[in-house]
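Chemist: Take this structure first; my questions come after.
The values are calculated or read from the model by the stated rules, or taken from the named source; none is laboratory data. Small disclaimer: the values here were computed from a predicted structure and weren't measured. A quick note on method: Cβ atoms are made from the backbone with ideal geometry, for glycine too, and the neighbour counts reach across all protein chains shown. Heads up: the accessible areas ignore ligands, DNA and RNA and are worked out on the full protein's heavy atoms, side chains in. Shrake-Rupley method; radii C 1.70, N 1.55, O 1.52, S 1.80 Å.
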Amino acid sequence: MSVSFDFKGKFVLVTGGSRGIGLGIAQGFANAGANVTITGTAADTSSYEADLSMFDYRQCVLSDRDQRKALLAHFDRLDVLVNNAGGSGNAEFDDEGFSEVMEVNMVATADLCYGFKDRLASAQGAIINLSSIGGYLGMRDFPAYCASKHAIAGFTKSIADKWARDGIQINAVAPGFVATQAIDWARSNEAAEKGLLSAIPQRRFGEPEDIAATVMFLASKQASYISGQNIVIDGGYLLR
C-alpha cells in the first residue's frame, strides 16, 4: 500500500530547506506538485551539496528581523508554511548564545506565523512547526534548544486554538534522531552510534523522508480534523 499527496498549484515555504530534514520535506512537496520556496543562510545555492534547482531559493538568516520581513514580502500567496529552520548552539549557558538560539528556533517561528497568518487564512492553508524530542526532554548541554522546542509545542497549541475558525490547520512534529548532519557526532563514532541505536526500539535512525511524510499529511485535507498536536516521530525513543 502506498500513500500519495497532491499539492499541485499550492505554494509552500520550508525554512531551512537546503539540507537535512528541511530538504527532505521540501523534496516531498515538490514531488507532489507544489511550488516550493526554501530558505538558507548562504547567498546562493552553489554553497550546498544538494541539487536545489527544483526550488525557489531565498537567502534568509532567520535571526535577522529585517531578512524575515523581506521573506514575508516575497509572497503574495502561501498555502503551507513549514517552520523547519533551527538548531542548537555552542554557548547556550551564555546570555548571547541562549538568546540567539531562542531567536531562530522560537521567535522567528512566531514571527513568520503572525506575518503569514492572513495569507494562510485566505488559502485555508496549513502551518507545521518543527519541535523535537528535545521538547520532551532535558538535554543538559542545550538549555536554549530544549526551551525553544518545549515552547514550539505550547505555541502551536495556542495559535491552533486561536486561528481554528480562520480555517488554518496548525500542528507540529517532533523528530527524534534523524540521519542528517545533526547527528554526525554519533554516526562517525562506532561506540556512540551503537549506544544511541540501542536506545531506539526500531534500532535505526530516522530518514528525512520519515518526517516529510507526516508533515505532508498534516498539510493535507485528510488531516483537517487534527489540530494543535505535536506528533513525535522517533522510532520509539521516548517510549523508554
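Chemist: Quick check on the chain: helices-only [θ] at 222 nm, where DSSP H runs of length 4 and up contribute -39,500 (n - 2.57) each and the sum goes over total residues. Nearest 500, please. Present the calculation step by step, with values, prior to reporting the outcome.
Modeler: Working: 8 runs with 91 residues, N = 240.
Calculated at 222 nm, the ellipticity per residue is -11500 deg cm²/dmol.
Chemist: Which whole-Hz ³J(HN,Hα) couplings does the range 94-110 yield from phi under the Karplus relation 6.51 cos²θ - 1.76 cosθ + 1.60, θ = phi - 60°, glycine and proline marked x?
Modeler: 9, 4, 5, x, 4, 5, 5, 5, 5, 4, 6, 6, 10, 5, 5, 4, 5
Chemist: Give the residue from G236, V215, I226 lying farthest towards the positive end of the charge dipole for the range 193-240; charges sit on Cβ (+1 for Lys and Arg, -1 for Asp and Glu) and the dipole is referred to the Cα centre.
Modeler: Going by the charge dipole, the pick is G236.
Chemist: Give me the one-decimal nm value for the distance between modelled label points at N31 and D166, 7 Å along each residue's Cα-to-Cβ direction.
Modeler: Distance between the two pseudo-spin positions: 3.2 nm.
Chemist: If I model a spin label as a point 7 Å beyond the Cα along the Cα-Cβ vector, how far apart are those points for R140 and D51 in nm?
Modeler: 4.6 nm
Chemist: Classify the range 146-240: rounded, prolate or oblate, from the alpha-carbon gyration tensor (a ≥ b ≥ c, eigenvalue square roots; a/c under 1.5 rounded; otherwise prolate if a/b is larger than b/c)?
Modeler: Numbers: a/c = 2.83, a/b = 2.20, b/c = 1.28.
Since a/c reaches 1.5 and a/b is larger than b/c, the shape of the range 146-240 is classed as prolate.
Chemist: For the range 15-31, just list the computed ³J(HN,Hα) in residue order, Karplus coefficients 6.51, -1.76 and 1.60, θ = phi - 60°, integers in Hz, with x standing in for Gly and Pro.
Modeler: Values per residue, Gly and Pro as x: 6, x, x, 7, 6, x, 4, x, 5, x, 5, 4, 5, x, 5, 4, 5 Hz.
Chemist: First check a/c for the range 82-227, with a ≥ b ≥ c the square roots of the eigenvalues of its C-alpha gyration tensor; if it is under 1.5, answer rounded, and if not, answer prolate when a/b is larger than b/c or oblate otherwise. Spell out each step's value before the answer.
Modeler: Details: a/c = 2.59, a/b = 1.46, b/c = 1.78.
Judged from the Cα gyration tensor, the range 82-227 comes out oblate (a/c at least 1.5, b/c at or above a/b).
Chemist: Treating only the Cβ of Lys, Arg, Asp and Glu as charged (+1, +1, -1, -1), what charge dipole size does the chain show about its Cα centre? Round to the nearest 20 debye. Mind dumping the intermediate values first?
Modeler: Values: 21 positive and 27 negative charges, 174 e Å.
Rounded to the nearest 20 debye, it is 840 debye.
Chemist: Taking 0.36 nm per residue of separation and subtracting the Cα-Cα distance, what length does fully extending A182 through R77 add? Mind showing how you got there, number by number?
Modeler: On the way: separation 105, 0.36 × 105 = 37.80 nm, distance 3.20 nm.
Full extension of this stretch gives 34.6 nm more.
Chemist: On the full set of protein chains, 1.4 Å probe, figure out the accessible area of D161 and give it in Å² to the nearest 10.
Modeler: We get 120 Å² for D161.
Chemist: Using label points projected 7 Å from each Cα along Cα→Cβ, tell me how many nm separate K194 and Q124, to one decimal.
Modeler: Output for this residue pair reads 5.5 nm.
Chemist: A follow-up question, please. Express the relative contact order of the range 114-216 as a whole percentage, based on alpha carbon pairs under 8 Å and six or more residues apart in sequence.
Modeler: Numbers: 106 pairs, mean separation 28.3, N = 103.
The normalised contact order for the range 114-216 reaches 27 percent.
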